[in-house]
Every structure is written in structure tokens, then in C-alpha cells.
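**Student:** Before we start, here is the structure in question, set down as C-alpha cells.
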Amino acid sequence: MNSAWFKRIIRASLLDPYLIGTSFAFSAVLFFVNQQANLYDIQNPNWVITMGVLILASPIAHSLFLVRARAVLGHGTGSLRDGIEAGAAFYPRLVLGEIGVSLAAAAGLFLLILPGVYIGIRLSLYKQAVLFDGKTVREALQESMVRTASWPVIGWILLVLSVIYGMEILIGYLVYLAGASFPTGVGIAIAIVISAAGFSLLNAFLTAVYLERGEG
């Protein structure tokens, strides 16, 4: 992983219309659903709606995005049809994987913050294993553990996660402070754009890690 490697990921995630469009659409859906209840607001009855949409819609968005990202990064084809076919073929596995990873990370977070983060990182490549290699849920989780077994890889994923989510929180806070300066719609648009950029960057990065670790 060097500067050229990261630049290639940034160009792929932010300049490809298909990838940024998919990210924007998914981020918009999550933003408006999240108005019902925040993902962390478990006591809110509408939390079930938010979590349900996330679990059911996430596999669709990721299948469309990841198949294309793999192609943009130089591996295979990545048309809309390819993404739809992969998502349809592996949708049940992606849903079960989403539930399993969410429960595992939540259990880790319940104990302490760091175990939850660690578990989330180690299982973060399971979608790629399902979509790219046709793994079952158990095999995909195991494959993700194998490809994130190196401490440098864990460190890089943690760093990228911290930068992306840190920037989203910072920009969101600045937008909140400046809320009186522009219409509400502008603030919503900024929030969705920032979220879309973060989604695109993170998933392109994880796809590149998966592909590189497979070659090693």
C-alpha cells in the first residue's frame, strides 16, 4: 500500500459516475430512513424500521457497488447487469452475513468499544468473499478473517475508517453549527454528499484490500 495505490482507489471511488451514483442513492435512502430513528436509538420503536431497511437494502447497494469497483480496479467486468445478477444470486447470503456481522460487532461493542471495532474490521471483507468468490456465509466470514489477519492490514483499515468517519462527523458538526446560515435542504444535501463520498471511498478501499490480499 503506497501513495499510488491510494490515489488509484480515490480516483476510482470518486470519479466513476456509476460508483458515486450508487453511493449517493444508498446514502440518501439511509439518511431519510434514519430520520425515523437513529441506528443507535434502540429504545425507539422506529429503530426496527431503520435496521430492517439497512439489512435488506445494504446487500443490494453493495452488490451493485462492489462488482463495479472490482472492475474499475482492474479485475473482471462490472456492468449494472453484472451487479444485479450477483446481488440476486447471493442476496440471502449477504442478508445473513449482514445480520451476523452486525450482531458480532454489537456484542463486541457491548463488552467494550475496542473489541467491537476489532471484530468489525476482521469481518469487513465478507461481502467481497460472497460476491467475488461465491463463498457461503461461514466461508466468507472465515475468508475475511484470513485476509485481515495481518496487523498492518488491520491498522490500515482502522486508519481509513477513522479518517472517513472522523471527517463525516466533523463536517456534519460544522454544517450543524452553520445551520442558520443556509436553508435546511442545503444541509441535507451536504450530509448526503459527504456520506456518499465516505461510502464510496471505504468500500473501494476494502475491495482493493480484498483483491490484493488474495494475490498475496
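The values are calculated or read from the model by the stated rules, or taken from the named source; none is laboratory data. No experiment lies behind these values; they were computed from the predicted model shown. Backbone-built Cβ (ideal geometry, glycine too); neighbour counts: all protein chains shown.
**Student:** Can you work out which of the residues in region 52-80 that are among the small types (Gly, Ala, Ser) and part of a helix (DSSP H, G or I) is nearest to Leu202 (Cα to Cα)?
**Tutor:** Among them, the one singled out is Ala69.
**Student:** Still on this structure, please answer the following. Restricting attention to region 2-36, which residues are touching a helix residue (DSSP H, G or I) at 6+ places or on another chain (Cβ under 6 Å), in a loop (DSSP other than H, G, I, E, B) and more than 19 Å from Ala189 (Cα to Cα)?
**Tutor:** Passing the criteria: only Asp16.
**Student:** Does Leu111 satisfy the condition of being under 17 Å from the mean Cα position of the chain (by Cα) and either crowded, with 19+ Cβ neighbours inside 10 Å or at pLDDT below 90 (or both)?
**Tutor:** Against the criterion (under 17 Å from the mean Cα position of the chain (by Cα) and either crowded, with 19+ Cβ neighbours inside 10 Å or at pLDDT below 90 (or both)), Leu111 does not qualify.
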